[in-house]
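Asks: The structure that follows is given in the form of structure tokens.
The values are calculated or read from the model by the stated rules, or taken from the named source; none is laboratory data. These numbers were taken from a predicted model, which means no experiment stands behind them. Reconstructed Cβ throughout: ideal geometry from the backbone, glycine too, with neighbour counts over all protein chains shown.
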Amino acid sequence: METEKKYKLSGQVHVKAMELALSLCEPGSSLLEIAERTENFIRKQGAIPAFPVNISINEVAAHYSPIIDDTSEIPDHSIVKIDLGVAVDGFITDAARMKIFDSKFEKLKTSAEHALFAALKKINDKVNVYEVGAVVEKTIRKEGFKPITNLSGHSLGQYSLHDGLSIPNYGKNKKLWKPKDVFHKNNAYAIEPFSTTGKGIVIDDDLETIFIHYSQLRNTPSPQAREVFVYIKKHFYGLPFSPRWLVEKFSKKQIEQALEELTEQHVLHGYSVLKEITNKPVAQAEDTIFLKENGKKVILTRKKVSNS
């Protein structure tokens, strides 16, 4: 019960934070302002960001979070995905919403949303993840689009954003299902369909805006890099972080040098911005659910917590 309570508290903060982020998202709005105001709001609620706010525009599917001194703005005639996470004592809720600034994206937007609702309806204890993936794929294809097959939903654990189980956005032959690939009671899951007018595959961009503490120090770093590493290890709990979160403590130059040194040593891992391979627009819809002991689903990241 305590775990469920913490997830619900996380979800309540998430709903309010998402409302704020969406209210700030308009053509000409600063991406940096949207992210930082939302992240600071989460902290003021007694929670922490589970990862930096992602603001992914048009063909960008995921992992774009504003960089230090970012001057980017929401463009006209765009589709914008805001993906944010909240952690309360390490219990994470993760959800994404969209805003569109051109009616040509309406059907693409609703295809991802319909796939999410269909997936949430399908999930229960012991259902195989590929059953859910098949529902996602069928829904998106029926509406004339393609699911992004190399992105997936995921299980959530305490201070663990991707906790071992992936929930695909496509189906798989039942003969290839594995017994371990099922949903379990007393666990939380982020379900996140992506749809596109492109090929349904994302690739890495050269830019990395989000990092995570990946392993312990292997070599002797420079004193400047060690200082940054100690701070990261102490303050971010092994969760993804933004270099922006270091600027109150360190200079931009020290941050950049430390990140370069620590990623080269594989102490930190940088997440590449992900783009659709043909540069076609991408839609994303996501919610976090918790499967209770009695088998009921709680949708944590909606304004009215839903039980089914």
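Asks: How about the stretch 80-99: which of its residues are touching a helix residue (DSSP H, G or I) at 6+ places or on another chain (Cβ under 7 Å) and either over 29 Å from K44 (Cα atoms) or not in a strand (DSSP E or B) (or both)? Step through it out loud before you land on a result.
Replies: The first filter runs over the stretch 80-99 and keeps only residues touching a helix residue (DSSP H, G or I) at 6+ places or on another chain (Cβ under 7 Å), leaving 82, 84, 86-89, 91-93, 95, 97-99.
Listed by number, the list holds a single entry, D89.
Asks: Which numbered condition in (1) assigned by TED's automatic domain parsing to the domain that holds P281; (2) of a type in the set (S, T, N, Q); (3) not in a strand (DSSP E or B) is the only one that S195 fails?
Replies: Against the list (1) assigned by TED's automatic domain parsing to the domain that holds P281; (2) of a type in the set (S, T, N, Q); (3) not in a strand (DSSP E or B), S195 comes up short only on (3).
Asks: Based on this model, can you work out whether S56 counts as hydroxyl-bearing (S, T, Y), in contact with a strand residue (DSSP E or B) (Cβ under 8 Å, 6 or more places away or on another chain) and part of a strand (DSSP E or B)?
Replies: Numbers: hydroxyl-bearing (S, T, Y): yes; in contact with a strand residue (DSSP E or B) (Cβ under 8 Å, 6 or more places away or on another chain): yes; part of a strand (DSSP E or B): yes.
For S56, the condition - hydroxyl-bearing (S, T, Y), in contact with a strand residue (DSSP E or B) (Cβ under 8 Å, 6 or more places away or on another chain) and part of a strand (DSSP E or B) - is met.
Asks: S215 is checked against (1) farther than 30 Å from P147 by Cα; (2) surrounded by 12 or more Cβ atoms within 10 Å (Cβ to Cβ); (3) of a type in the set (G, A, S) and fails just one. What number does that condition carry?
Replies: Of everything listed in (1) farther than 30 Å from P147 by Cα; (2) surrounded by 12 or more Cβ atoms within 10 Å (Cβ to Cβ); (3) of a type in the set (G, A, S), S215 misses just condition (2).
Asks: With at pLDDT below 95 and either part of a strand (DSSP E or B) or over 29 Å from Y237 (Cβ atoms) (or both) as the only criterion, which of K126, K180, K109 stands out?
Replies: Details: K180 fails: either part of a strand (DSSP E or B) or over 29 Å from Y237 (Cβ atoms) (or both); K109 fails: at pLDDT below 95.
The conditions single out K126.
Asks: Based on this model, can you work out whether K178 counts as more than 21 Å from the chain's Cα centre (by Cα) and assigned by TED's automatic domain parsing to the domain that holds T110? Give the derivation first.
Replies: Working: more than 21 Å from the chain's Cα centre (by Cα): yes; assigned by TED's automatic domain parsing to the domain that holds T110: yes.
For K178, the condition - more than 21 Å from the chain's Cα centre (by Cα) and assigned by TED's automatic domain parsing to the domain that holds T110 - is met.
Asks: Continuing with this model, one more query. Looking at the stretch 1-41 only, could you name the residues that are aliphatic (A, V, I, L, M), part of a helix (DSSP H, G or I) and either more than 22 Å from D70 (Cα to Cα) or touching a Gly at 6+ places or on another chain (Cβ under 9 Å) (or both)? Steps first, answer last, please.
Replies: Restricting attention to the stretch 1-41, the residues satisfying the condition of being aliphatic (A, V, I, L, M) are 1, 9, 13, 15, 17-18, 20-22, 24, 31-32, 34-35.
Narrowing further to those that are part of a helix (DSSP H, G or I): 9, 13, 15, 17-18, 20-22, 24, 31-32, 34-35.
Residues satisfying the conditions are L9, V13, V15.
Asks: Sticking with this one: Please indicate, with yes or no, whether at least one residue in the stretch 4-24 is over 17 Å from Q158 (Cα atoms), surrounded by fewer than 22 Cβ atoms within 10 Å (Cβ to Cβ) and more than 18 Å from the chain's Cα centre (by Cα).
Replies: Yes, the stretch 4-24 contains at least one residue that is over 17 Å from Q158 (Cα atoms), surrounded by fewer than 22 Cβ atoms within 10 Å (Cβ to Cβ) and more than 18 Å from the chain's Cα centre (by Cα).
Asks: Which one of these does V228 not meet: (1) at pLDDT 95 or above; (2) loosely packed, with under 14 Cβ neighbours inside 10 Å; (3) not assigned by TED's automatic domain parsing to the domain that holds A118?
Replies: (2)
Asks: Another question about this same structure. Those residues that are of a type outside the set (V, I, T), outside any strand (DSSP E or B), in contact with a Ser or Thr (Cβ under 7 Å, 6 or more places away or on another chain) and modelled with pLDDT of 95 or more, I need them from the stretch 142-164; list them, please.
Replies: Taking the stretch 142-164 as the starting set, the residues that turn out to be of a type outside the set (V, I, T) are 142-147, 150-164.
Filter once more, so that each one left must be outside any strand (DSSP E or B): 142-145, 150-152, 158-159, 161-164.
Narrowing further to those that are in contact with a Ser or Thr (Cβ under 7 Å, 6 or more places away or on another chain): 143, 145, 152, 163-164.
Hits for the stretch 142-164 are E143, F145, S152.
Asks: Which one of these is at pLDDT 95 or above, over 30 Å from E59 (Cβ atoms) and among the charged types (D, E, K, R): K280, K253, K275?
Replies: Values: K280 fails: over 30 Å from E59 (Cβ atoms); K275 fails: over 30 Å from E59 (Cβ atoms).
Criteria check complete, one pass: K253.
Asks: Within the group E137, E131, which residue is in a helix (DSSP H, G or I), touching a residue at least 40 places away in the same chain (Cβ under 8 Å) and among the charged types (D, E, K, R)?
Replies: On the way: E137 fails: touching a residue at least 40 places away in the same chain (Cβ under 8 Å).
One residue alone meets the criteria, E131.
Asks: Right, here's the next one. Is there any pair linking a residue in the stretch 1-26 that is modelled with pLDDT of 95 or more to one that is of a type in the set (D, E) and assigned to a helix (DSSP H, G or I), with Cβ under 7 Å and at least six apart or on different chains, and which?
Replies: The qualifying pairs are L24/E33.
Asks: Quick check: is even one residue across the stretch 284-306 free of Cβ contacts under 8 Å to residues at least 12 places away in the same chain and touching a strand residue (DSSP E or B) at 6+ places or on another chain (Cβ under 6 Å)?
Replies: Yes; the residues of the stretch 284-306 include at least one that is free of Cβ contacts under 8 Å to residues at least 12 places away in the same chain and touching a strand residue (DSSP E or B) at 6+ places or on another chain (Cβ under 6 Å).
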